[in-house]
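Enquirer: Sharing a structure here in structure tokens format.
Derivation of every value follows stated rules applied to the coordinates shown; laboratory data play no part. Because the structure is a prediction, the values reported are computed rather than measured. No Cβ is skipped: glycine too gets one built from the backbone with ideal geometry, and neighbour counts run over all protein chains shown.
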Amino acid sequence: MAERMSVLYDASKCTDCGACSVACKQWNTLPAEKTNSLQGHTDFTPRTWTFVSSRESFENKKMQWMFRKQQCMHCGDAACIKVCSTGAISRNDLGFVVIDQNKCIGDGYCVNSCPFHIPRVDESAKKSYKCNGCPDRLANGMKPACVQTCQPEALVYGDRKAILQMADDRVKALLPKYPKANVYGATSLDGLNFTYILLREPDYYGLPANPTVPVELTVWKDVFHPLGLLMVAGAFGMTLLHRVMQRGQNENHPSDKDTGSGKGDAKG
Amino acid sequence: MKGYILKHETPTRIFHWINLVVFLLLLCSGLAVYSPKLQFLALIFGGLKNAAAAHRYLGYAYIVVPLIYIVLNFGLFKKFLNTITHYSADDVKWLKVGGGYLQPFLKGEVPPQDKYNAGQKMLGLMVIFFSCLLAVTGLLMIYYQNVPPALVRWSYLLHSFSGIFLGCGVIVHGYLAAVNPSSSKELKTMLGSGYIEEDFAKHHNSKWYQQVITKK
């Protein structure tokens, strides 16, 4: 297993230019889509895997304009991998979560299970899509397309430990001006492979403060799933066993003469 | 027919088999998606993606077919519902001795039974309850884009549990009604003319048999 890598997104450097979104579309040959606002994309689609959302607020007579690049967070403990019915989603060596499109049947389980609500299903093709971390680029020693293109260097790609160190240092430098600055994704869900430096609390950006794998998925996949397989095998096995045992019994069981008997022995 | 009495009317028999085929296809396609270990079941449908698509369409059939039967044969359905919702002391006793099917582990006299024995009555209730649950959760899963994600996630759990529980029930029902020698005459009745040997009815469903005889 290769060293776990990570992408650092620094919200304090981002200018919402949208180049990451364009680069993503270009590298992954995703067509452009019409948007209804000057902001550009405001939500994911099967063909939009990353975009920058912004939020304005006027507090203490000061204007604030906060940006956040959105894409798959590539969770260390990914709910989508757990829930995928066909085993199409997996984590690659570098720690990025990828969908094997050959195995995907577009049932949308990942859409409903993602703590960040990222994947989107192309309903006509019945395939689920999201950011895959540009595995083809990374395998050839390049950075992800969005990182490569980022002008203000708000995106950095590198070894996860170094990235986390870098994030901590940067937040320390930001704290005097932004007292709520924090590192997001360092530990939650076994560490997110996209680490964010946020200038405000996660809620402000529409992020869950403590993202988790929903408990019903754990109950379903870790408890009920093996139990269900056992139940099916048990039903088959018990009828088979019953049949074999009855075969060995005396065909003319004495109780057979009683009225109302539904005895399991063969009457011939 | 001499020596035979009518147990299942023609609409009931047709409905029973259509519903069973639809259910088994749903079970196979459902299990194929349930676990990668059971993906071979998708070969019936020509691949996992087709199995998933078939599962959706068959799901609608599983909702519509019983509704058609109930609307066209409301009298029969009411009678059936009446039978499976009434339990007597004999039914409790039947359950205690496992219907006599679990000898030599559970011994004892098998008490006289109605048209359906206590096990069949319970299966009937289970089928109705879990089928409704499967229909509701299935629809939530198909139209997930208009439903809160948490509700859909609970549907995954309930849907797979109901399906597997019902599947196990149907496996045991099929075994007792079609394979087990002492009770497999039921298959011929359901698959054939609907008539069952008087002697068999006298043994297995004596209460119902007495009712039919006195009416004659």
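Enquirer: Pull up the cross-link candidates among the aspartates and glutamates for A:K34, meaning alpha carbon to alpha carbon under 16 Å and not fewer than 8 places away within one chain.
Expert: Qualifying aspartates and glutamates at Cα under 16 Å: A:D43.
Enquirer: Ignoring everything except DSSP H segments at least 4 long, calculate the 222 nm mean residue ellipticity for chain A; use -39,500 (n - 2.57) per segment, divide by total residues, nearest 500.
Expert: Values: 8 runs with 72 residues, N = 268.
Mean residue ellipticity, 222 nm, calculated: -7500 deg cm²/dmol.
Enquirer: Ok, one more. Based on the alpha-carbon gyration tensor of the range A:108-248 and its eigenvalue square roots a ≥ b ≥ c, which shape applies: rounded if a/c is under 1.5, prolate if not and a/b is larger than b/c, or oblate?
Expert: Here the range A:108-248 falls in the prolate category.
Enquirer: Mean Kyte-Doolittle of at least 0.0 plus a Cα span of 30 Å or more along the axis: flag which DSSP H helices in chain B meet both, please. Mind showing how you got there, number by number?
Expert: On the way: long enough: B:10-34 (35 Å, 1.47); B:48-72 (35 Å, 1.12); B:118-142 (35 Å, 1.90); B:149-174 (37 Å, 1.08).
Going by DSSP H runs, the hits are B:10-34, B:48-72, B:118-142, B:149-174.
Enquirer: Given an 8 Å cut-off on Cα distances and at least 6 residues of separation, report the relative contact order of chain B as a percent.
Expert: Normalised by residue count, the contact order of chain B is 25 percent.
Enquirer: Next question. Taking every Cα atom in the range B:4-215, find the radius of gyration and the maximum pairwise distance Dmax, and write them in Å.
Expert: Reported Rg and Dmax, both Å: 19.0, 58.
Enquirer: Another question about this same structure. Per residue and in Å³, how big is the convex hull formed by the alpha-carbon atoms of chain A?
Expert: Values: hull volume 58.0 nm³, N = 268.
Cα-based convex hull of chain A, divided per residue, equals 216 Å³.
Enquirer: How big is the gap, in Å, between the Cα center of the range A:1-43 and the Cα center of the range A:194-240?
Expert: Using only Cα atoms, the two centres lie 28 Å from each other.
Enquirer: Provide B:D90, A:D203 in ascending order of the number of other Cβ atoms located within 10 Å of each residue's Cβ, fewest first.
Expert: Going from least to most buried by this count: A:D203, B:D90.
Enquirer: Tell me what chain B gives for mean residue ellipticity at 222 nm when only DSSP H runs of n ≥ 4 count, each as -39,500 (n - 2.57), the sum divided by the residue total, rounded to 500 deg cm²/dmol. Walk me through the intermediate numbers first.
Expert: Working: 9 runs with 145 residues, N = 216.
Estimated from H runs of four or more residues: -22500 deg cm²/dmol.
Enquirer: State which helices in chain A qualify, where a helix is a whole DSSP H run, it must extend 30 Å or more along its own axis by its Cα atoms, and its mean Kyte-Doolittle hydropathy must be at least 0.0.
Expert: Flagged H segments are A:225-248.
Enquirer: Shifting gears a bit: With a cut-off of 8 Å between alpha carbons and a minimum separation of six or more residues, what is the relative contact order of chain A in percent?
Expert: The value is 22 percent.
Enquirer: Rounded if a/c is under 1.5, else prolate if a/b is larger than b/c, else oblate: which is the protein assembly as shown, with a ≥ b ≥ c the root eigenvalues of its Cα gyration tensor? Spell out each step's value before the answer.
Expert: Working: a/c = 3.19, a/b = 2.87, b/c = 1.11.
Cα axes put the protein assembly as shown in the prolate bin.
Enquirer: Another question about this same structure. Can you return the lysines within cross-link range of B:K49? Criterion is Cα-Cα under 19 Å, with same-chain partners fewer than 8 residues away left out.
Expert: Partners found: A:K103, A:K126, A:K127, B:K37.
Enquirer: Further question on the same structure: If the reach is capped at under 13 angstrom between alpha carbons, list the aspartates and glutamates near A:K25, excluding any in the same chain fewer than eight residues apart.
Expert: Of all the aspartates and glutamates, those that pass the test against A:K25 - Cα under 13 Å, at least 8 places apart if same chain - are A:E33.
Enquirer: Now a separate question. Ranked by Cβ crowding within 10 angstrom, fewest neighbours first, how are B:V71, A:V171, B:V147, A:V147 ordered?
Expert: Result, fewest neighbours first: B:V71, B:V147, A:V171, A:V147.
Enquirer: What ranking of B:K185, A:K34, A:K161 emerges when the number of other C-beta atoms within 10 Å of each C-beta is taken as an exposure proxy, fewest first?
Expert: In increasing order of surrounding Cβ atoms, one gets A:K34, A:K161, B:K185.
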